[in-house]
Amino acid sequence: MDKKYIQIFGIQRSSTTYTTNLIHMNGKNVVVSTDNKHTEPKDAAVIEQQLRKRLVNNEVYKTNKVHHERLSNLIKDLFELDRKMHPVVVIKNPYSWYQSISRWRLLHKDSFRMEVWYDRYNKFYRSWKKLLENPRKPYGKGMVIRYEDLLRSPSDFIYTLRDRFGVSLKGKIKTTDRMASVNSKFESEPKIFTEKRKQFYLQDGDFGLSNELINKITELIDWELMKFYGYKPK
């Protein structure tokens, strides 16, 4: 059975971990990577150039034939794998994302500057839109999954992976209500994702935000870009 390779991408707190767990639970012939999952797409030539610089400039690789051979093989294997890799880009509603990212930053005792993080949000999803519309190496055919759609019907997502990428399923679709919460680094067990919390993310309301915050987020988001992902301003 041929292995299918999927790489998950999404900005912080977009639910990349939950997406990865769902695929692991249901895919039989799939390898899921989350390496550099919060990064924008990189051109294959740039990656190769960076690795080859290491071969030429690093003393370890210049003087040690074993290490040199290992890195050379790594470059070869990397590009062979990347030709088979399908990106799955996860996105969360820009309004509900505020609740997740702001709490996450505060729990890490970092200041949260809306302008900075929403600029990252726009740049991240703008770069992936460009690549998804015009695939290039090292990325193959990809897809987008909205967090809200994932919560609404995880089985549809799994069946899409089967039909689009040839992922074989283990059997009946399994889902989980247990996922990493914003506080997961500070707890021994992830919180249970309750039905009430699920409905919070599926609502078409204000997500507990003040009118001032809603207006601020609306100003910061590139709504022309969001049309591609199926979101509209409040």
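The values are calculated or read from the model by the stated rules, or taken from the named source; none is laboratory data. Worth saying up front: this structure is predicted, and the values here are computed from it rather than measured. Here the Cβ positions follow ideal geometry from the backbone for every residue, glycine too, while neighbour counts run over all protein chains shown.
Please work out if Asp43 is over 22 Å from the mean Cα position of the chain (by Cα) and either modelled with pLDDT under 80 or of a type in the set (Val, Ile, Thr) (or both).
no
Is one or more of the residues making up segment 171-181 at pLDDT 75 or above, among the aliphatic types (A, V, I, L, M) and more than 21 Å from Thr20 (Cβ to Cβ)? Steps first, please.
Let us first name the residues in segment 171-181 that are at pLDDT 75 or above, namely 171-175.
The next check asks that each one be among the aliphatic types (A, V, I, L, M); those that pass are 173.
Next cut, more than 21 Å from Thr20 (Cβ to Cβ) only: none.
For segment 171-181, residues at pLDDT 75 or above, among the aliphatic types (A, V, I, L, M) and more than 21 Å from Thr20 (Cβ to Cβ): absent.
Out of the residues in segment 195-234 that are assigned to a loop (DSSP other than H, G, I, E, B) and of a type in the set (Ser, Thr, Tyr), which is surrounded by the most Cβ atoms within 10 Å (Cβ to Cβ)? Steps first, answer last, please.
First, the residues of segment 195-234 that are assigned to a loop (DSSP other than H, G, I, E, B): 203-210, 221-222, 230-234.
Adding the requirement that they be of a type in the set (Ser, Thr, Tyr) leaves 210, 231.
Values: Ser210: 9, Tyr231: 19.
Applying the filter and picking the extreme gives Tyr231.
Do any residues in segment 1-23 that are free of Cβ contacts under 8 Å to residues at least 40 places away in the same chain and within 21 Å of Lys84 (Cα to Cα) have Cβ atoms under 6 Å from those of residues that are β-branched (Val, Ile, Thr) and assigned to a loop (DSSP other than H, G, I, E, B), where the two are at least six apart or on different chains, and which pairs are they?
Final answer for the pair search is Thr20/Thr34.
Say whether the condition of being of a type outside the set (Val, Ile, Thr), under 24 Å from the mean Cα position of the chain (by Cα), at pLDDT below 70 and within 20 Å of Tyr98 (Cα to Cα) is met by at least one residue in segment 197-204.
Applying the first criterion (of a type outside the set (Val, Ile, Thr)) to segment 197-204 yields 197-204.
From what's left, under 24 Å from the mean Cα position of the chain (by Cα): 197-204.
Adding the requirement that they be at pLDDT below 70 leaves 197.
Subsequent filtering for residues that are within 20 Å of Tyr98 (Cα to Cα) retains 197.
For segment 197-204, residues of a type outside the set (Val, Ile, Thr), under 24 Å from the mean Cα position of the chain (by Cα), at pLDDT below 70 and within 20 Å of Tyr98 (Cα to Cα): present.
From the list Leu74, Leu81, exactly one residue is modelled with pLDDT under 75 and within 21 Å of the chain's Cα centre (by Cα). Which is it? Quick ask: steps written out before the conclusion?
Numbers: Leu74 fails: within 21 Å of the chain's Cα centre (by Cα).
The unique qualifying residue is Leu81.
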